[in-house]
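Everything below concerns the one structure shown next.
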Amino acid sequence: MTTYVLRNHQSATIAGDGQNEDILHLDGTSAMETPTATFVGSDALIGVNDSGTLTQHGYGVINLMPGAAISTQTLTVNRANLLINERPGSSFTFNGVNNIVTGSTLTATGYAGVSNYTLNGTMNIDGTSTVNLDYVKVNGSGRFHLMGEDALLRLGSTDPSTTVVLDGGMLSLANGMSFLGTITVSAPLSSRIGPMSCVDVYNAMSAASETFNRTTGVLDLFDAHGTEVANLKFAGTGDLYATPTSGLATNYMVISAHPSVGALPVTFTS
């Protein structure tokens, strides 16, 4: 087992053998001097930690070279920004418990539209933090848990077994037809999403009507020609309503537990 500690201006190339149980600490405190860990081969990490301090925000970068396969049992991003970059044929797997907290941002990128990220554990996002996964495919049967008013999770496409627990904050979807997972809350007997939370769908501004199945929890949005532009599954209890925004630089469709002025006409089925 090796513990890597990288600070400002420092970088390391880590050649795993597939059986390592390494620990990675990214302790950068400058966006211009970000420490960088570059992985070649495969490595099973015990943990990754990217943390700032009370007075200095933290920064870190993880690069995966072609063919690299990395997994971690825990990931902590605390008062920090962490960027993960994949190259062709590489993969990153989040196992165990992953915490993005205290004003932090986790961003994952692919290469030329190709990526291989897997969530098999839980990723907790507190009410001050953001996770950007909207330009990558998320595989696996893991769970995202948003907690707090300003928690933000951006997603592109997912596996059907992915779950988003939306107790607070915003789930932002690039495409309402590519998110195949389930959206719910910690207390599904009382609601389907948190009372102050919402799901924003960016490809659905052409929607003219909503259909919501109270039994299956499936919400469909259709344009004026009857073409489906969003198909989302919610677990729990209660109705959901879709309302378009207006006057923004980029408008989107907002799905919430409360009807709003300007909401789309909705048909409830069961």
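The values are calculated or read from the model by the stated rules, or taken from the named source; none is laboratory data. Everything numeric in this text was worked out from a predicted model, so none of it was measured. With ideal geometry, Cβ positions are generated from the backbone for all residues, glycine too; neighbour counts draw on all protein chains shown.
Quick notes on this structure:
- Scanning region 137-164 for residues that are in contact (Cβ under 8 Å) with a residue 24 or more places away in the chain and part of a loop (DSSP other than H, G, I, E, B) turns up G140, G142, E149, A151, T162.
- Members of region 35-62 found to be within 23 Å of the chain's Cα centre (by Cα), of a type in the set (V, I, T) and over 14 Å from S104 (Cα atoms), listed by number: T36, T38, I46, V48, I62
- Looking only at region 1-59, residues that are among the charged types (D, E, K, R), surrounded by 12 or more Cβ atoms within 10 Å (Cβ to Cβ) and outside any loop (DSSP other than H, G, I, E, B) come to 2 in all.
- Condition check for F94: touching a residue at least 12 places away in the same chain (Cβ under 8 Å), closer than 19 Å to N63 by Cα and crowded, with 19+ Cβ neighbours inside 10 Å: yes
- Summed over region 219-237, residues that are over 21 Å from the mean Cα position of the chain (by Cα) and surrounded by fewer than 16 Cβ atoms within 10 Å (Cβ to Cβ) total 7.
- The listed residue being of a type in the set (A, V, I, L, M, F, W, C), under 25 Å from G148 (Cβ atoms) and assigned to a loop (DSSP other than H, G, I, E, B), out of L264, L189: L189
- Selection count where residues are over 19 Å from G28 (Cα atoms) and of a type in the set (V, I, T), scope region 41-73: 3
- The lone criterion from (1) at pLDDT 95 or above; (2) in contact with a strand residue (DSSP E or B) (Cβ under 7 Å, 6 or more places away or on another chain); (3) in a loop (DSSP other than H, G, I, E, B) left unmet by P88 is number (1).
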